[in-house]
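Below is one structure, written out as structure tokens; comments come after it.
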Amino acid sequence: MAILEAKNLTVAYYGDIHILKDVSFCAREGRVTAVIGPNGAGKSTLLKALYGLLKPISGSIRLRGEEITECKVHEFIRMGIAYVPQLRSIFPELTVKENLELGTWIFKTDKARVRDAIEGVFERFPMLAQKQGDPAGLLSGGQQKILEIGRSLLTGPSICLLDEPTATLAPRIAAQIYATLEDLKSEKITIVMVDQRVRQAFDIADYIYVLELGQNKADGTRQDFVGRLTETIKGWLD
């Protein structure tokens, strides 16, 4: 079942610099959908539009068939959509636990729910529990990304949008991130991810969209790309 859809999206910066041009996209419930493409293809812009951070000039975004194009970011959170940006979004001076507490702001007055949500993240990521009193800025790059992913899960989202979740990480740490995404998929959480590690993203994705110059170039299941992935990504860095 389609859970998150974009139809004929055109998105611009500063009004006249068109980044996405008539892009369509569909994420199916409980699956991993990867968006790949060369640098400058508009991949991150698509995620920002899906999360309400950028408003399209034209086109529409629907969640379970309902129009959400004009919704505010805080409404996306309440609708069960989480977003992990490419650039670091932790507060380095705050402790790991304090960073997590910030992620519970939409139900901050419910102390029991806050406690249970954070404990759930600690159970999923024991490393965060061990370092909960440490300043987040002292964590390694991979640990900081895990903290960001953990914080995004505090609200119990049904959809997670992840922008370059393994960027700049060592292969061993990247493998841990991919394993985490596989776990989320097994819990029926819908994953939409942008990733420059094309082959690794390909291995865990159920469906793939290829963007180029801000437009749809190709899309299909993983099986659809078997035998032609190398040609599709020819000239890219992966």
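Just so you know, all these numbers are worked out from the coordinates, no wet-lab data involved. All of these numbers come straight from a predicted model, not from anything done at the bench. Neighbour counts run over all protein chains shown; Cβ positions are idealised from the backbone, glycine included.
The table that follows gives values for the structure above.
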read-out	value
Helix-only [θ]222 nm of the chain, DSSP H runs n ≥ 4, -39500 (n - 2.57) each, per residue, nearest 500	-9500 deg cm²/dmol
Cα-based shape type of the range 64-115, given that a ≥ b ≥ c are square roots of the gyration tensor eigenvalues and the cut on a/c is 1.5	oblate
In Hz, Karplus ³J(HN,Hα) per residue of the range 25-30 (6.51, -1.76, 1.60; θ = phi - 60°; x = Gly, Pro)	7, 8, 10, 9, 4, x
The range 103-198: C-alpha gyration tensor shape, a/c 1.5 cut-off, then a/b vs b/c	oblate
For S24, residues with placed amide H under 5 Å, excluding near neighbours	N8, L9, N216
Dipole magnitude of the range 1-156 about its Cα centre (Cβ charges: Lys, Arg +1; Asp, Glu -1), debye to nearest 20	160 debye
DSSP-loop chymotrypsin sites (Phe, Trp or Tyr not before Pro) across the range 1-67, with at most 15 other Cβ within 10 angstrom	Y14
Rounded to whole Hz, the Karplus (6.51, -1.76, 1.60) HN-Hα couplings of the range 143-151, x for glycine and proline	5, 5, 5, 4, 4, 5, 5, x, 4
Neighbour cut-off at most 16 other Cβ (10 Å), DSSP loop, GluC sites (Glu not before Pro), the range 90-133	E93
Cα gyration tensor shape of the range 56-151, rounded if a/c is under 1.5, else prolate or oblate by comparing a/b with b/c	prolate
Placed amide H near Q86: partners under 5 Å, 5+ positions off or other chain	D163
Helix axis angle, 111-124 relative to the chain longest principal axis, alpha carbon, degrees	70 degrees
DSSP-loop chymotrypsin sites (Phe, Trp or Tyr not before Pro) across the range 152-238, with at most 16 other Cβ within 10 angstrom	W236
For the chain, projected area of the alpha-carbon convex hull averaged over all directions, nm²	13.0 nm²
Unit charges on C-beta of K, R, D, E only; dipole of the range 104-184, Debye	240 debye
